[in-house]
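Structure below; questions to follow.
The values are calculated or read from the model by the stated rules, or taken from the named source; none is laboratory data. Only a predicted model underlies this, so the values are computations on that prediction, with no experimental measurement involved. Cβ placement follows ideal geometry from the backbone for every residue including glycine, while neighbour counts extend to all protein chains displayed. In case anyone asks, the SASA skips ligands and DNA or RNA and just uses the protein heavy atoms, side chains included. Shrake-Rupley method; radii C 1.70, N 1.55, O 1.52, S 1.80 Å.
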Amino acid sequence: MLLIKAAIMGVVEGLTEFLPISSTGHLILAGSLLGFDDAKAKVFDIAIQTGAIFAVILVYWQKIRSTLVALPSSRQAQRFALNVLIGFLPAVVLGLLFGKYIKAHLFTPTVVATTFILGGFIILWAEKRQMGHVRVQSVDEMTPLDALKVGLVQCLAMVPGTSRSGSTIIGGMLMGLSRQAATDFSFFLAIPTLIGAGVYSLYKERALLSMADIPLFSVGLIFSFISAWLCVRWLLRYIASNSFVPFAWYRIVFGIIVLVTAATGVVTWAES
């Protein structure tokens, strides 16, 4: 049963990590329903993000490889790598400063449901505002200041239910990035951010883990990778001709359902 729960959580992580609907929020809610929400489960939730990141690396391998090869001589490659680094740094600094407090007080279904709803309305506003407001068409046109702004907005995702991809994509669109550029940069920014978070969490909570946990984490990583790979490929096709409005309404409706079921006692969401 524990491995089945790990597989389910892996699928939830992979399908939600790169959509603007909050993977952390869905993992908290799924963990509450499955009874998979103890201290080790929280480490598991962060660690399996690495599987989703491997999917992004696979999908974007050509761009990543060409950038690494050209890095010593190409100004464009150097600027792109610098932008990713600049966008990554705010999450490191603020994560170290406030991460422990946020995990202790905000990782609850009620907070997740509330931020789901608020985030949904922000997406609706951002989609309406972006029309005619695009100044950056691709990630190669971004400036270091653009990268810093997106990096700062990414830190909002430290609050569960906000969505890291939602913060970076919608934040980027509000700053003048095209939907494609904002999505691409969100994916590239996820690579150091989520790998760093996963490694740091495993190291920090190593006392909770043992060799017996390897099958559990392996199942989660594999299912996270497969579902994320399918999701990323689908999303890149989707954004070519569609907006994020359906995700906004999904967030709003799902958030309301969680609040109503919690208030009426229909579903007992664990507050932990």
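In percent, how large is the relative contact order of the chain, given Cα pairs closer than 8 Å and 6 or more residues apart?
On the way: 413 pairs, mean separation 107.9, N = 272.
Once divided by the residue count of the chain, the mean separation gives 40 percent.
Sort ARG179, ARG237 from largest to smallest accessible area, using a 1.4 Å probe on the heavy atoms of the protein chains.
ARG237, ARG179
Per DSSP H run of n ≥ 4, the term is -39500 (n - 2.57); total these for the chain, divide by its residue number, and report the mean residue ellipticity at 222 nm rounded to 500 deg cm²/dmol.
Helix contribution divided over all residues of the chain: -25000 deg cm²/dmol.
Note down the magnitude of the dipole of the chain about its Cα centre, charges +1 on Lys and Arg C-beta and -1 on Asp and Glu C-beta and zero elsewhere, to the nearest 20 debye. Walk me through the intermediate numbers first.
Values: 20 positive and 13 negative charges, 99 e Å.
My answer is approximately 480 debye.
Okay, moving on. Tell me, how many Å apart are the Cα centres for the range 61-92 and for the range 143-175?
Using only Cα atoms to place each centre, the spacing works out to 18 Å.
Quick check: residue separation of VAL245 and GLU141 times 0.36 nm, minus the Cα distance between them. What number comes out in nm?
34.9 nm
First select every other residue whose beta carbon is under 15 angstrom from the beta carbon of MET158; then total the charges, Lys and Arg +1, Asp and Glu -1.
Net charge in that neighbourhood comes out at +3.
Something else about it: When ligands, DNA and RNA are left out and all protein chains stay put, how many square angstrom of accessible area per residue does the range 1-112 have with a 1.4 Å probe?
That works out to 48 Å² for each residue.
For the range 116-266, what is the accessible area per residue in Å², given a 1.4 Å probe and the full set of protein chains?
Normalised by residue count, the accessible surface of the range 116-266 is 47 Å².
Further question on the same structure: Which of the aspartates and glutamates could a cross-linker span from LYS42 if the Cα-Cα distance has to be under 20 Å and same-chain partners fewer than 8 positions apart are dropped?
Within the straight-line cut-off, LYS42 pairs with GLU13, GLU17, GLU205, ASP213, GLU271.
Show me, for the range 169-183, the HN-Hα J-couplings you get by feeding each phi into the Karplus relation (A = 6.51, B = -1.76, C = 1.60, θ = phi - 60°), rounded to Hz, glycine and proline as x.
For the range 169-183, the Karplus-derived couplings read 5, 5, x, x, 5, 5, 8, x, 7, 5, 4, 5, 5, 5, 5 Hz, x marking Gly and Pro.
Here is a follow-up. Round to a whole number: what % of the accessible area of the chain belongs to carbon and sulfur, probe 1.4 Å?
71 percent
Not counting ligands, DNA or RNA, and with a 1.4 Å probe, what is THR261's accessible surface area in Å² rounded to the nearest 10?
For THR261, solvent-accessible area is about 20 Å².
A further question follows. Given the options ILE169, ILE21, ILE122, state which has the largest fluctuation in a GNM of the chain using a 10 Å cut-off (strictly under) for Cα springs.
Largest GNM mean-square fluctuation: ILE122.
Using a 1.4 Å probe on the protein heavy atoms only, what accessible surface does TRP229 show? Give it in Å² to the nearest 10.
Near enough 80 Å² of accessible area.
Could you state how much accessible area TYR200 has, in square angstrom rounded to the nearest 10, with a 1.4 Å probe and all protein chains kept in place?
110 Å²
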